[in-house]
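One structure is given below, encoded as structure tokens.
Each reported figure results from applying straightforward, stated rules to the coordinates on display, with no laboratory input. Remember, predicted model here, so these are calculated numbers, not experimental data. Positions of Cβ are backbone-derived with ideal geometry, glycine not excepted, and every protein chain shown enters the neighbour counts.
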Amino acid sequence: MASLGQPMVWLAGGMLALCSVMIIALILLVVVRGMATFWPGAITSYHTVNGQVITGEVTRSSTYEPRPELIDTLPQDAQERARQLLAANDGLAERVLVRTGNYELDNSHFTWVSNYTIERMEKPEWFVVMERLTWGRFYGVPTAFYVDGELVADTPADVWREFERHHGDIRKRWQQRRILESKDIGKINHQQERARLELRGAEIAAQQARIDYGVRSEQFNQAQRTLEQQQQRFAQGEAEFERRYADIREEIVALNQENDRYQIRLMTVNGQEKSMGMAEVVRAYPANQLSLLGRMGVYLDRWQEFLLGDPREANSEGGVFPAIFGTVVMTLIMVVFVVPFGVLAALYLREYAKAGPLVSVIRIAVNNLAGVPSIVYGVFGLGFFCYLVGGSIDQLFFSEKLPNPTFGTGGILWASLTLALLTLPVVIVATEEALAAVPGSMREGSYASGASKWQTIQRIVLPRAMPGIMTGMILAMARGAGEVAPLMLVGAVKLAPELPIDSIAPFVHLERSFMHLGFHIYDLGFQSQNSEAAIPMVFTTTLLLILIITLLNVGAIWLRNRLRRKFVVSAV
Amino acid sequence: MVTTDTTRVTNGSNGTAADPGYAERKNRGRLQEIAAGKWFPPVVDHQLEREEPVLTVNNFCLWYGNAQALFDVSMKVPKSKVTALIGPSGCGKSTLLRSVNRLNDLVDSVRISGEMNLYEDSIYAKGVDVIELRKRMGMVAQKPNPFPMSIYENVIYPLRIDGVRDRRILDEVCETSLRGAALWDEAKDRLHQSALGLSGGQQQRLCVARAIASEPEMLLMDEPCSALDPIATGKIEDLIDQLRGEYTILIVTHNMQQAARVSDYTAFMYLGQLVEYGATASLFKKPQLKETEDYISGRFG
Ligand SMILES: Nc1ncnc2c1ncn2[C@@H]1O[C@H](COP(=O)(O)OP(=O)(O)OP(=O)(O)O)[C@@H](O)[C@H]1O
Ligand SMILES: [Mg+2]
């Protein structure tokens, strides 16, 4: 026995160790790379043997085997040295990927530099990294600063001082403009749309009255009068909207004009000059002059933008706040649906249904539901919730908007319901186990006190089973929050213009499509144009998703432990 | 008085000298016959005839599936007295007790025949409101089974499910019940803390408080002290002593001294049959059956 037992212990232990190592390695990879993304690196200039100068941030390095033809393109004397270098390294060369930015000038964001082509390296003192709203980063030496077209500074240090003095105010004005554009104009658009829909509703009613009662009928006249009133009101409203719209436009133009007074001029490493408006610049820093504290500042600032800001540059830069919001809201809505449903179903199965073949079949079916591929749920959600249920809702309540769908397309409500369906078996199974674990003596005590079945369930069984039910909820949340495939069919989108909860009545817009961190990761990793820049963001976003799911779970576990202390701990 | 043949029955087919266990079996006589499947009418003390019965059991049989657990049990439980059920493990004491408040309904496989009456009201008649019936009795289980809620809520649970809302009544019932269960002094400062934080003995007294909260006509106790230490046991026994006269108590116990100390009447059961039933004093001092004497004095089981 012992001779057989020992190896089994080792095998089992080894497997466990292997699993732990893999999980820890995965998490470590995500954490390390995710944390490193926002650290501002130094700027390096590489002078190559071809006479080129490549300047930017080194993002990663790799080893490769250069083809001999590549060496032949080098100048004569460099060829010899390169061959020696390669020979010393078994024909392998080191290369680094340099983020050179300035996409609008030289059509690439990144350049590879091989070690055998490098003549010398330096850290230029006055290169500034500019993160912009469009076109990615810009690397250059500040050469001039203009206010109202007049030159006010022309040495890098002076220009930089001027830049820092004005940049904060300019960004504030820019944000003000953004709010005007999105919030205020958005509100007008909404009101305008509502007025239009009311008019359309009156039109439909008039049409219907003509069909139902005929042109001479009282009903038709009534509807016609209402329609005319509506038209009048609409025309008035339109004028009012125009006026408010013009006011806001004026404000925006004023803000833009103020911002346009300031211009900064930079020179790239190739001697090209570029002027830019400063509202475009999100963040800028002279990379090689930053102290550790300064770097820390940039790092934290980037994290802040990431967590609280909107995405830009096709999601590969900026923040993921809408995705965080969408993920959390969707998960919570899902929980709101799945827990009552699952608990009631489990209650019936465990407490009311008479044990028999039918109940066994149902139980097996429920367990099997957990194994159905998630994309199947996505297809079902699209067909059933979006098209059938949503389509019917549109017919009944939003007919004036047709053919534009309101609920008849993907949205956060349908996504939550689809995931609720997906996680239902988890909740049912966990709840059933929790109910089964309630001691029979407690039930008997309740019955002996004269309680009915429902009173016993409601007052004794459910409270006692609550921690177990919470465990089911936690598992469901963990499963649901990380699910992506079905969401692509039922409402997760690359970029949602509006959050599902906002300040415009009725405040909660469950029909809206939404952004989701899981889908965001997929989008960054596979759909991004600037894929090199997106890779680190994939890790950072993954880290964030893991953190959010962990946070949701920790919250639920905390709640469960409180309940458990209350209900289960016993001195006996 | 039911008169029975008290001479030991010897069975010819079993009573051969070649049978190694013969002498011993011969010694036990009636119990052996019961084990072999024979039924005897119980020996009942005539003193019981003078008592007013609360519960009357008539020819009550009970089956778990195909296994019969109670055989034609007939007995009367006298009012305002403590009646103890004794007998070896598995003889059906709990089953009988649980039949009184129809807790056996919860077991799917249970079938019964015969009848039970609480005063005039039949317990097993068709159309009986089981919930109303259970409200007329309180029960204390073998293991303390407090509910996962505060001490206060535990005690007034029977009132809560009756929909009593009046705070004054609830407070009052809580206090009198806890006092009645000798738990008031220990619990009065933590009424709103979880009952699960009480010690085992306190929990059992809490269950007693819960059982008497709705002032039932009868109290059923199934080995209430089996999970308790001597001190807690003593408290529960004192409690039973105090409740005597006020409540009709039917108590199951394995502890002969306890039965002798707390009960007025004692019923000895064996393998689902009631064997002897009489006033505790006389039953313990001078039982009518030798079998009972053997069991009480520990020469058996
Ligand atoms: N739920 C049940 N299903 C089937 N058989 C049962 C069930 N409960 C009890 N029994 C059987 O009925 C018989 C009487 O059991 P019961 O619990 O009444 O004994 P008891 O006298 O209370 O014993 P103890 O002193 O050990 O508590 C036993 O043979 C037992 O195995
Ligand atoms: Mg028992």
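Where the centre of each part is set by its Cα atoms, how far does the stretch A:12-81 sit from the stretch A:496-511, in angstrom?
Rounded to whole Å, the Cα centres lie 44 Å apart.
Any chance you could give the angle, 0 to 90 degrees and rounded to 10, that helix A:357-369 forms with the longest Cα principal axis of chain A?
10
In this model, which of B:LYS79/B:LYS235; B:LYS38/B:LYS290; B:LYS38/B:LYS81; B:LYS76/B:LYS290; B:LYS81/B:LYS235 are farther than 28 Å apart at the alpha-carbon?
B:LYS38/B:LYS81
For the stretch B:159-197 and the stretch A:215-256, compute the distance between their C-alpha centroids and round to whole Å.
After rounding, the separation between the Cα centres reads 67 Å.
Which value, in Å³ per residue, describes the convex hull spanned by the Cα atoms of chain A?
Working: hull volume 163.8 nm³, N = 572.
Normalising the Cα hull of chain A by residue number yields 286 Å³.
When only Cα pairs under 8 Å and 6 or more residues apart are kept, what is the percent relative contact order across chain A? If you can, show how the numbers build up before the last one.
On the way: 800 pairs, mean separation 80.7, N = 572.
Computed over chain A, the figure is 14 percent.
Could you give the distance between the Cα centres of the stretch A:369-446 and the stretch B:141-156, to the whole Å?
So the two Cα centres are separated by 38 Å.
Sum up the lysine pairs in chain A that clear both bars: alpha-carbon distance under 25 Å and a spacing of 8 or more or different chains.
Summing the qualifying lysine pairs gives 11.
Once both axes come from the Cα atoms, what is the angle between helix A:76-88 and the longest principal axis of chain A, in degrees from 0 to 90, rounded to 10?
Once rounded, one gets 50 degrees.
Take every residue in peptide A:440-446, count the Cβ atoms of other chains within 10 Å of its Cβ, and give the average of those counts. Before the final figure, lay out each step's value.
Working: counts 2, 6, 5, 3, 7, 14, 5.
For peptide A:440-446, the averaged partner shielding equals 6.
If N is the number of residues in the stretch B:159-301, what value comes out of its Cα radius of gyration divided by 2.2 N^0.38 Å? Each step should come with its number before you reach the end.
Working: Rg = 17.7 Å, N = 143, 2.2 N^0.38 = 14.5 Å.
Cα Rg divided by the expected 2.2 N^0.38 Å: 1.22.
Kindly provide the helix-only [θ] at 222 nm of the protein assembly as shown, computed as the sum of -39,500 (n - 2.57) over DSSP H runs of four or more divided by all residues, to the nearest 500 deg cm²/dmol? Each step should come with its number before you reach the end.
Values: 32 runs with 439 residues, N = 873.
Computed mean residue ellipticity for the protein assembly as shown: -16000 deg cm²/dmol.
How compact is the stretch A:254-393 by the rule of thumb for globular proteins, expressed as Cα Rg over 2.2 N^0.38 Å?
Relative to the rule-of-thumb radius for its length, the stretch A:254-393 sits at 1.92.
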